[in-house]
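To keep things clear, I will list the structure first and then write my remarks on it.
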Amino acid sequence: MTPIPFRHRFIVFDLDGTLVDSQHTIVFCMSQAFDAVGLEQPDAEAVRGIIGLKLEVAVAELLPPDLRAMAPRITGLYREAFHARLSGPDHDDPLFDGAREVLAALDHPELLLGIVTGKNRRGLLRVLEHHGLQHHFTTLKTADDGPSKPHPRVLQLAMAEVGAEPQDTVMIGDTAFDIEMARAAGCDAIGVDWGYHHRDQLYAAGAGVVIDRFDELEGAMIRLDGASR
């Protein structure tokens, strides 16, 4: 078997905005939840800006300080809207181009793959089952497992579960929350430019490389190795 040309042995992916394009569902359900309590629907750009956070934290971020006591109610309404949308016959949050292929290419005995997401476990498992991706991942960490990104705790739990050290680990994500979490855990981070935060935000948060396509991932990890020498 061809040896891996980079040092990282534990590759961790974010889900929404990195592997799966879920923005239309999230923006729609957030708008429905705010409308249900008589509040102005948040701007779509603002909603995209909080994707990746734990839902309760994300809702609070979209509210002005004097209305944040409403966050639990709006969170519940979001979940109701989300489950109603899931039951629709035409619902689909598609994979980004190259996602399936890159996961297949990383199927190697020297590598372990994981997911760290702001989704809850039920939502994550539903997405993985829908796309047939469960078998790729050794560990799955969700909003149910600890504090919201960018706190590093959930990523640290993932590393502990598979026995990986920070220097062996790289986080792949589309938001500054992913990158900040990785850097706080002592890990390398690669940003993706097709998600919900701009590439300058990813670099400002500490991304070593930002890629434009999934087929650039291996080269990005090799570049990280060179930069660390």
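The values are calculated or read from the model by the stated rules, or taken from the named source; none is laboratory data. Keep in mind that what you see is a predicted model, and the values were worked out from it rather than measured. Areas reflect the complete protein model, heavy atoms only, side chains present, ligands, DNA and RNA absent. Shrake-Rupley method; radii C 1.70, N 1.55, O 1.52, S 1.80 Å.
In sequence order, the stretch 156-168 has phi-based couplings of 4, 5, 4, 4, 4, 5, 9, x, 9, 8, x, 5, 8 Hz under the Karplus curve 6.51 cos²θ - 1.76 cosθ + 1.60, θ = phi - 60°, and Gly or Pro positions carry x. Amide H contacts under 5 Å for I211: G191, V192, D193, restricted to partners 5 or more places along the chain or on a different chain, H placed in the peptide plane at 1.01 Å from N. Looking at the chain, what % of the alpha carbon pairs are farther apart than 26 Å? Here the long-distance tail beyond 26 Å is 34 percent of all Cα pairs in the chain. Using θ = phi - 60° in the Karplus curve 6.51 cos²θ - 1.76 cosθ + 1.60, the 3J(HN,Hα) couplings for the stretch 20-37 round to 10, 8, 10, 4, 5, 5, 5, 5, 4, 5, 5, 4, 4, 5, 5, 4, 5, 9 Hz; x is entered for Gly and Pro. Counting only DSSP H runs of at least 4 residues, each contributing -39500 (n - 2.57), and dividing by the residue count of the chain, the helix-based mean residue ellipticity at 222 nm comes to -13000 deg cm²/dmol. When a/c reaches 1.5 or more, the comparison of a/b and b/c decides; with that in mind, is the stretch 95-229 rounded, prolate or oblate per its Cα gyration tensor? The shape class here is rounded. Anisotropy class assigned to the stretch 59-100 is oblate, per the alpha carbon gyration tensor with a/c at or over the 1.5 cut-off and a/b no larger than b/c. Amide H contacts for F13 (H built 1.01 Å from N in the peptide plane; partners 5 or more residues away or on another chain; cut-off under 5 Å): G114, I115, V116, I172.
Over the stretch 176-227, Cα pairs under 8 Å with separation of 6+ residues give a relative contact order of 33 percent. If you take the square roots of the eigenvalues of the alpha-carbon gyration tensor of the stretch 73-146 and sort them as a ≥ b ≥ c, do you get rounded (a/c under 1.5), prolate (a/b over b/c) or oblate? Oblate. Over the stretch 67-220, Cα pairs under 8 Å with separation of 6+ residues give a relative contact order of 16 percent. In this structure the stretch 171-222 gives 35 Å² per residue of accessible area when probed at 1.4 Å with all protein chains present. Counting protein heavy atoms only, the chain has 50 percent of its accessible area on carbon and sulfur, 1.4 angstrom probe. Normalised per residue, the accessible area of the stretch 10-69 is 39 Å², obtained with a 1.4 Å probe and no contribution from ligands, DNA or RNA.
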